[in-house]
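Visitor: Handing you a structure now.
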């Protein structure tokens, strides 16, 4: 479970943790439905660069990239891709964590870049 603070508002999100290379590479591939208040938290052992791709991902997602303190640096929107070549969604900055949720979840919950994420 994580808590996201945006000003006076707090929102909780149940997350599946991807903290090994295998889990990070698989991500939400082949998931047909993601419950409304669930997502995936990607944990990198050190600062990382580069993007995420949506190969074999069946649902549209939003992704937030976080620094080591849990501050949201960038939010991107990603579309499913069943092709052999899929685009990468690159925040063009270094990050330590990433959170994937259903497309539009951050906006629906008034969560934006600069907000803080806490592990519970």
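The values are calculated or read from the model by the stated rules, or taken from the named source; none is laboratory data. Fair warning: this is a prediction, and the values are worked out from it, not measured in the lab. Positions of Cβ are generated from backbone atoms using ideal geometry, with glycine treated the same way; all protein chains shown enter the neighbour counts.
Visitor: Could you please let me know if residue 58 is under 17 Å from residue 103 (Cβ atoms) and either touching a residue at least 12 places away in the same chain (Cβ under 8 Å) or under 14 Å from the mean Cα position of the chain (by Cα) (or both)?
Guide: yes
Visitor: Within the bounds of the stretch 65-88, is there any residue that is within 17 Å of residue 1 (Cβ to Cβ), at pLDDT below 95 and surrounded by 12 or more Cβ atoms within 10 Å (Cβ to Cβ)?
Guide: So far as the stretch 65-88 goes, no, none of its residues is within 17 Å of residue 1 (Cβ to Cβ), at pLDDT below 95 and surrounded by 12 or more Cβ atoms within 10 Å (Cβ to Cβ).
Visitor: Among the numbered conditions (1) under 20 Å from residue 74 (Cβ atoms); (2) surrounded by 14 or more Cβ atoms within 10 Å (Cβ to Cβ); (3) in contact (Cβ under 8 Å) with a residue 40 or more places away in the chain, tell me where residue 47 comes up short.
Guide: (2)
Visitor: Additional query: Mind checking which pairs have a first residue in the stretch 97-115 that is at negative phi and surrounded by fewer than 21 Cβ atoms within 10 Å (Cβ to Cβ) and a second that is in a helix (DSSP H, G or I) and modelled with pLDDT of 95 or more, Cβ under 8 Å, 6 or more apart or different chains?
Guide: 112/106
Visitor: Considering only residues that are closer than 12 Å to residue 39 by Cβ and assigned to a loop (DSSP other than H, G, I, E, B), which ones fall in the stretch 96-113?
Guide: If the condition is that a residue be closer than 12 Å to residue 39 by Cβ and assigned to a loop (DSSP other than H, G, I, E, B), then 103, 109, 111 are the ones that fit.
Visitor: Taking the stated definitions as given, is residue 63 without any contact (Cβ under 8 Å) to a residue 40 or more places away in the chain, over 18 Å from residue 16 (Cβ atoms) and in a strand (DSSP E or B)?
Guide: In short, no.
Visitor: Which pairs have Cβ atoms under 7 Å, sit 6 or more apart or on different chains, and link a residue in the stretch 74-85 that is under 14 Å from residue 28 (Cβ atoms) to one that is surrounded by fewer than 15 Cβ atoms within 10 Å (Cβ to Cβ) and modelled with pLDDT of 95 or more?
Guide: So the pair list comes out as 78/60; 79/60; 80/60.
Visitor: Is there a residue in the stretch 1-16 that is more than 14 Å from the chain's Cα centre (by Cα) and over 18 Å from residue 72 (Cα atoms)?
Guide: No, the stretch 1-16 has no match at all.
Visitor: Which residues, taken from the stretch 5-29, are part of a loop (DSSP other than H, G, I, E, B), surrounded by fewer than 15 Cβ atoms within 10 Å (Cβ to Cβ) and either modelled with pLDDT of 95 or more or on the phi < 0 side of the Ramachandran plot (or both)?
Guide: Answer for the stretch 5-29, where residues must be part of a loop (DSSP other than H, G, I, E, B), surrounded by fewer than 15 Cβ atoms within 10 Å (Cβ to Cβ) and either modelled with pLDDT of 95 or more or on the phi < 0 side of the Ramachandran plot (or both): 8, 19, 20, 29.
Visitor: Let me ask something additional. So is residue 93 assigned to a strand (DSSP E or B) and in contact with a strand residue (DSSP E or B) (Cβ under 7 Å, 6 or more places away or on another chain) or not?
Guide: So residue 93 does not fit the description; no.
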